[in-house]
1. With charges only on Cβ, +1 for K and R and -1 for D and E, what is the dipole size of region 77-124 about its Cα centre, in debye, rounded to 20?
2. Kirkwood hydrodynamic radius, computed over distinct alpha-carbon pairs, for region 1-108: how many Å, to one decimal?
3. Would you mind computing, in nm to one decimal, how far apart the modelled labels at Ser88 and Phe134 are, each placed 7 Å from Cα along Cα→Cβ?
4. How much FRET efficiency would the formula 1/(1 + (r/R0)^6) give for Tyr98 and Ile53, where r is the Cβ-Cβ distance and R0 is 41 Å, rounded to 0.05?
5. Would you list, by chain and number, the lysines whose Cα falls below 22 Å from the Cα of Lys46, excluding same-chain residues fewer than 8 positions away?
6. Mind checking the per residue accessible area of region 1-123 for me, 1.4 Å probe, whole number of Å²?
7. Leaving ligands, DNA and RNA out of it, report the carbon-plus-sulfur percent of the accessible area of region 19-121 at a 1.4 Å probe.
8. Just going by the charge dipole of region 4-56, with Lys and Arg at +1 and Asp and Glu at -1 on Cβ, which of His48, Ile6, Gln33 is farthest out on the positive end?
Amino acid sequence: MSDEHITSQVRSDFSRARFKAFMNRIRSIVSGQPTTLLSYDEVKAKLHIGGPIYRGVQTVRVDQIVGSLNRYHQFDRAFLPVEDQIASRWQNIDLAFYKDISLPPVLLYKVGEVYFVVDGHHRVSVAREKGQEFIDAEVRECAAKVNIMADLKPEDLEILGEKVHFLERTHLDVLRPESRNRLTIPHGLDRMVDHIAAR
């Protein structure tokens with residue numbers, strides 16, 4: 001493939017990725033289901049996560065990367081680009097893919113079963129768009145009192161935050177680690193604590 005053909009291809013790839021992001025946005029409006037990328041700072045604030053602790057270079061499933069430290073407004077939940085301003089950087093990473101140029105591992109924070117990008121957003125975006133299942137990453141793990149799965153949505157954070165608050169008040173996760181308390185309504189665990197305290 002000639003350089004001219006490759007250059008044309010990477011432009012086409014970015015345009016296609018932007019169109020997919022646009023269609024995701026339309027579906028989001030129609031369905032009411034948000035497609036926003038999770039903000040690490042918001043998750044950290046609501047769930048009181050600790051760390052990070054360095055865990056070395058690992059192979060990570062791309063579909064477990066659901067958020068970002070500081071670029072959550074530039075990509076959607078599928079890591080598709082939502083801004084034209086990032087075209088140049090995105091296309092440079094795509095070009096490296098076509099030329100089989102090795103790129104350094106991305107840097108991720110691990111929280112529960114999911115990951116947040118610290119550095120390497122465009123590499124994650126291109127990898128996902130290419131259908132790549134795994135990516136090499138330097139991983140730093142952050143401690144969490146609740147299990148966070150890949151289907152976590154922004155609207156789930158309030159309920160999970162209530163569970164964290166409950167565990168911090170009761171230390172139930174330490175006293176009875178086998179206990180499983182499921183919360184389905186906001187403030188439900190606070191009501192449980194108040195009910196127990198009143199007895």
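1. 100 debye
2. Numbers: mean 1/r = 0.0624 Å⁻¹.
Evaluated over region 1-108, this radius sits at 16.0 Å.
3. 3.5 nm
4. Numbers: r = 36 Å, r/R0 = 0.89.
Taking R0 as 41 Å, the efficiency between Tyr98 and Ile53 is 0.65.
5. Cα-Cα hits under 22 Å: Lys110, Lys145, Lys153, Lys163.
6. On the way: 6650 Å² over 123 residues.
Result: 54 Å² per residue.
7. Details: 2830 of 5420 Å².
It is 52 percent, rounded to a whole number.
8. Among His48, Ile6, Gln33, the one farthest towards the positive end of the dipole of region 4-56 is Gln33.
The values are calculated or read from the model by the stated rules, or taken from the named source; none is laboratory data. These numbers come from a predicted model, not from an experiment. Note that we place each Cβ from the backbone using ideal geometry, even for glycine, and neighbour counts take in every protein chain shown. When the accessible area is computed, the model is the full protein with side chains, heavy atoms only, and any ligands, DNA or RNA have been set aside. Shrake-Rupley method; radii C 1.70, N 1.55, O 1.52, S 1.80 Å.
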